[in-house]
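See structure below.
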2 protein chains.
Amino acid sequence: MSNDLYEIIHRRRDVRGEFTGEPLPEATLDRILAAAHAAPSVGLSQPWDFVVIRSRPVREAFHAHVRREREVFAATLDGEAAGRFARIRIDGVLESTLSIVVTYDAERGGPAVLGRHAIADAGLYSSCLAIQNLWLAATAERLGVGWVSFYREEFVRELLGIPAGIRPVAWLCLGPVTRLHDVPDLERHGWRTRRPLSLARHTDRWGAQ
Amino acid sequence: MSNDLYEIIHRRRDVRGEFTGEPLPEATLDRILAAAHAAPSVGLSQPWDFVVIRSRPVREAFHAHVRREREVFAATLDGEAAGRFARIRIDGVLESTLSIVVTYDAERGGPAVLGRHAIADAGLYSSCLAIQNLWLAATAERLGVGWVSFYREEFVRELLGIPAGIRPVAWLCLGPVTRLHDVPDLERHGWRTRRPLSLARHTDRWGAQ
């Protein structure tokens, strides 16, 4: 393994079952958050914040919520899909070392955010770019990241005391792992296969090769 | 310069005025798009597409639209901000080697996208993660990327023949550059200064250090 960007990008996985819960050095976390904070942002608004959660009660409350939302989703599936979903883990909230919630503040840098007047979501996009920096930095540190999205934003806002108007964008589990799989969990478990890049590529106009 | 992830993350810039227009080897573009396509996505939906635009007429049409939107934004600013904005370049559409439009297809992998039932925007987030992979890969290749967001989505959809229901998320200019500045353009031009990471970091709960 090297620290080569391409190697990291292709090795990165969305981790569920491989967290060990081992401690994470503070200096490592600092490097990872600094990488996230170095992301591009519309109008240099840097609209993200990072809530680092080690508290066991907070993570347990979130985990119970995630389990309830799992049931909500499961109830929408037909028999075959429900069977496949039953074998899939959707989080490692309690097994990972800590969680990081990344948020989006639409008021940051306002009212006239340069580059956002025509695209209201452009600020939200910036928080996502920070998330990918965080994810790659963690992968470079030989850690795992798992993005949990079985939750209601309002629940997380209340759980963490996030002010109205600031939106939780991601709940990320972070920590040492036993391994990163070569194939994504959802492909290994037969949920979905990856699409060839050739189908996603167009030339000068949609649909042209 | 190395290919170290952290070095790339901190060297990356949003480029406007430094594009040279020199040609880009096809193999380089392939590596960059493969990096984008290796991004994580909710439910392994991979909802992104990439429209690679070298056509001069298409880029000229987009550039004319961007100039009009620049005027729309400028009209919202007061005198002092308008003066600062007048000195800031907002795109390198015609000077860069090519453009890449990244899109989001909400139907991809549906109807039951695993991990999206509670957060409708989770799919949109995935396209953003692909954008950041693309950006970092281009930076590793010693290229520049500039995200242009002075446009109306409907204009880009019509210009490129993007089907209804598929959303343009970013117009990215790409190509060789004379340099990447150490300080972001908007900070160099006095539009805004960067926020310290310490203000963005919270512990267990919003507002707690």
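The values are calculated or read from the model by the stated rules, or taken from the named source; none is laboratory data. Everything numeric here is computed off the predicted structure, so don't read it as measured data. FYI the Cβ positions are ideal-geometry reconstructions off the backbone, even for glycines, and counts take in every protein chain you see. Protein only, heavy atoms only, side chains kept; ligands, DNA and RNA dropped before computing areas. Shrake-Rupley method; radii C 1.70, N 1.55, O 1.52, S 1.80 Å.
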On the given criteria, is A:THR76 of a type in the set (Ser, Thr, Tyr) and touching a residue at least 60 places away in the same chain (Cβ under 8 Å)?
no
Report, by residue number, each residue of the range A:177-206 that is without any contact (Cβ under 8 Å) to a residue 40 or more places away in the chain, facing another protein chain (nearest Cβ under 7 Å) and not in a strand (DSSP E or B).
A:GLU187, A:ARG192, A:ARG194, A:ARG195, A:LEU197, A:ALA200, A:ASP204, A:TRP206
Selection count, the range A:100-138, where residues are over 23 Å from A:PRO163 (Cα atoms) and facing chain B (nearest Cβ under 8 Å):
10
Those residues of the range A:1-39 which are within 8 Å of chain B (Cβ to nearest Cβ) and modelled with pLDDT under 95 amount to A:ASN3, A:ASP4
Select from the range A:64-89 the residues that are assigned to a loop (DSSP other than H, G, I, E, B) and in contact with an Asp or Glu (Cβ under 9 Å, 6 or more places away or on another chain) and write down the one among them that is surrounded by the fewest Cβ atoms within 10 Å (Cβ to Cβ).
A:ARG89
Can we say B:VAL93 is closer than 15 Å to B:TRP147 by Cβ and in contact with a His (Cβ under 9 Å, 6 or more places away or on another chain)?
yes
Consider A:ALA35 carefully, then state whether it is closer than 18 Å to B:TRP135 by Cα, in a loop (DSSP other than H, G, I, E, B) and open to solvent by less than 40 Å² (accessible area, probe 1.4 Å).
no
Could you tell me whether B:ARG54 is open to solvent by less than 40 Å² (accessible area, probe 1.4 Å) and either farther than 16 Å from A:TRP206 by Cβ or modelled with pLDDT of 95 or more (or both)?
no
Can you give me the number of residues within the range A:146-158 that are open to solvent by 10 Å² or more (accessible area, probe 1.4 Å), touching a residue at least 60 places away in the same chain (Cβ under 8 Å) and more than 17 Å from B:LEU44 (Cα to Cα)?
2
Could you pull out the residue among B:VAL93, B:VAL42 that is in contact (Cβ under 8 Å) with a residue 40 or more places away in the chain and within 10 Å of chain A (Cβ to nearest Cβ)?
B:VAL42
Output yes when any residue across the range A:121-135 is under 14 Å from A:ASP49 (Cα atoms) and surrounded by fewer than 22 Cβ atoms within 10 Å (Cβ to Cβ), and no when none is.
yes
Can A:ARG56 be described as within 25 Å of A:PRO176 (Cβ to Cβ) and under 19 Å from the mean Cα position of the chain (by Cα)?
no
Determine whether A:GLU18 is buried (at least 17 other Cβ atoms within 10 Å of the Cβ) and either over 14 Å from A:LEU134 (Cα atoms) or of a type in the set (D, E, K, R) (or both).
yes
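Per-residue answers, yes or no, for (1) at the interface with chain B (Cβ under 7 Å from one of its Cβ atoms); (2) at pLDDT 95 or above; (3) open to solvent by less than 10 Å² (accessible area, probe 1.4 Å):
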residue	(1), (2), (3)
A:GLY144	no, yes, yes
A:LEU160	yes, yes, yes
A:ARG167	no, yes, no
A:GLY175	no, yes, yes
